1. Which count do you get for residues in the range 166-189 that are open to solvent by 20 Å² or more (accessible area, probe 1.4 Å) and at negative phi?
2. Pairs only if they're at least six apart or on different chains, beta carbon under 7 angstrom, first in the range 401-423 and closer than 17 Å to Asp310 by Cα, second β-branched (Val, Ile, Thr) and in a helix (DSSP H, G or I); list them, first residue then second.
3. If only one of Ala130, Ala159, Ala109 is open to solvent by less than 30 Å² (accessible area, probe 1.4 Å) and either at pLDDT 95 or above or among the aliphatic types (A, V, I, L, M) (or both), which one is it?
4. Determine, yes or no, whether Tyr67 is open to solvent by less than 10 Å² (accessible area, probe 1.4 Å) and hydroxyl-bearing (Ser, Thr, Tyr).
5. List, please: which pairs have Cβ atoms under 7 Å, are six or more places apart or on different chains, and start with a residue in the range 358-382 that is open to solvent by less than 40 Å² (accessible area, probe 1.4 Å) and end with one that is aromatic (Phe, Trp, Tyr)?
6. Here are Ala314, Ala349: which of them is open to solvent by less than 40 Å² (accessible area, probe 1.4 Å), part of a helix (DSSP H, G or I) and either basic (Lys, Arg) or within 30 Å of Gly68 (Cβ to Cβ) (or both)?
7. When you go through (1) assigned to a loop (DSSP other than H, G, I, E, B); (2) β-branched (Val, Ile, Thr); (3) surrounded by 20 or more Cβ atoms within 10 Å (Cβ to Cβ) one by one for Val303, which number turns out not to apply?
8. Working only within the range 354-403, note down all residues that are charged (D, E, K, R), part of a helix (DSSP H, G or I) and modelled with pLDDT of 95 or more.
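The values are calculated or read from the model by the stated rules, or taken from the named source; none is laboratory data. Keep in mind that this is a model prediction, so the values were computed, not measured. Neighbour counts are summed over all protein chains in view; Cβ atoms, including those assigned to glycine, are modelled from backbone coordinates with ideal geometry. We work out accessible area using only protein heavy atoms, side chains counted, and drop any ligands, DNA or RNA first. Shrake-Rupley method; radii C 1.70, N 1.55, O 1.52, S 1.80 Å.
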Amino acid sequence: MGSPLPSTLRLLFPDRHSTFVFTRPDEMLPPPQEPLNLYVHVPFCRSICAFCPYVKQVYNKHSASSYGEAVVRELDRYRHEWDDVAVASVYFGGGTPSMTPEIVESVLAWLSRNWGPSREVGIEVHPLDAQPDTLRRLHDSGVTMASLGVQTFNDRLLALLGRGYDASRARTACERVLTAGFDAADIDLIFALPGQTLDEAERDFTIAAAMGASQVSAYPLIQFSDTPLAARLASTGAQLPSSRTEKRMLDALVGQARGAGYERSSIWSFNRPGAPRYTTVTRESFLGIGAGASSRLGDRFRVNTFSVSDYIEASRAGSPAALETYMNEGDRMAYWLFWRCYDTAIDTARFREQFGCDIPGAVSATLRAFCVLGLVRQEGPAFRLTDRGAYLFHLVEKEYTHSYLEKLWSACRREAWPVVVRL
């Protein structure tokens, strides 16, 4: 997460901000009121994928070592300010965190010494890192869940994306991750790739499901304007599929998932019944550690500097936090609703637990209207998005990405320490 939420949802709540103003933070984040969800960003990669908008840089041993020390310093800063903290979950993302298992080991050892271990520890794994020794090392350090970034099993599309492996290597990586002893293994796919056909998208999902993944995630390719993808498409003559084709792909993947015995757990992910869910972005509150990491605690939403070198230096002298905005109760309610829509399930009882009041009348009226339109259905105190409703939110999520995330992240890429960003 890199921005609170789109204005369309904020309109349903009273006293919401019409504009979010991000400025330089001047105080520590408030301590968590519930067990902490922790995200650790590790930015190092073998090479830079043209489509990736996240904070990343080519691996350098010295930089990686310095970065690992900086991550521990940032954790120490929170430990000195907060009382004992229980940890609910830990996720390592990137970048390519599986390239640097020593950073994973260091963080998990720090947690064991200070805040206690977590039973839910997930990591993103690159297929080239899915070696038996590396997977064993991650498992032994305390990792319980792995998400393997296959993206596609198609050799032509893998070459276009510059992933550095072929479909055979991807299959081998899946087999190794699925037999490495993790509690859950997610195979991560991208659809609506340049030049991809409907049959090719369906074949990717068929392979992932047949291999026995406990979760299959299939995300549409969302093109950021400041990534190298646009230039690569121009040089190769490849084009992104039309919006109509993208919808047909998503509809087909949903149908395939159900036919293979999976349940829809978000607009873009599918789980075996009873399987643990690999998810980082849907938490109600979280602390982000590392360059470019976001935090959402109390009434604050915060983003660390996107510059890896500045992050390392700032961790020595103070705080690496670059920007922060305040969220009033209406903002926090809308934020909660946004991510429950992403989950495809809106539990009004959970809303009451979280905020101490019933869901606002405008939201209830909207949900009832959506029931009539066939976009949601009511199941006791919960409302579940239908496939039509999930597709509508698929469009909302993509628009949010371009209107909010892209603007904030682009500002943070241009300057290590932006003065102010308005969304």
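1. 13
2. Between residues of the range 401-423 that are closer than 17 Å to Asp310 by Cα and residues that are β-branched (Val, Ile, Thr) and in a helix (DSSP H, G or I), there is no close pair.
3. Numbers: Ala159 fails: open to solvent by less than 30 Å² (accessible area, probe 1.4 Å); Ala109 fails: open to solvent by less than 30 Å² (accessible area, probe 1.4 Å).
Checking each option against the conditions leaves just Ala130.
4. Spelling it out, Tyr67 is indeed open to solvent by less than 10 Å² (accessible area, probe 1.4 Å) and hydroxyl-bearing (Ser, Thr, Tyr).
5. Close Cβ pairs (under 7 Å, with a partner that is aromatic (Phe, Trp, Tyr)) amount to Ile359/Phe351; Pro360/Phe13; Leu367/Phe383; Val376/Phe370; Val376/Phe383.
6. Numbers: Ala349 fails: either basic (Lys, Arg) or within 30 Å of Gly68 (Cβ to Cβ) (or both).
On inspection, the qualifying residue turns out to be Ala314.
7. (1)
8. Residues of the range 354-403 that are charged (D, E, K, R), as a first pass: 358, 368, 377, 379, 384, 387-388, 397-399.
Going one step further and asking which of them are part of a helix (DSSP H, G or I), we end up with 368, 387-388, 397-399.
Hits for the range 354-403 are Arg368, Asp387, Arg388.
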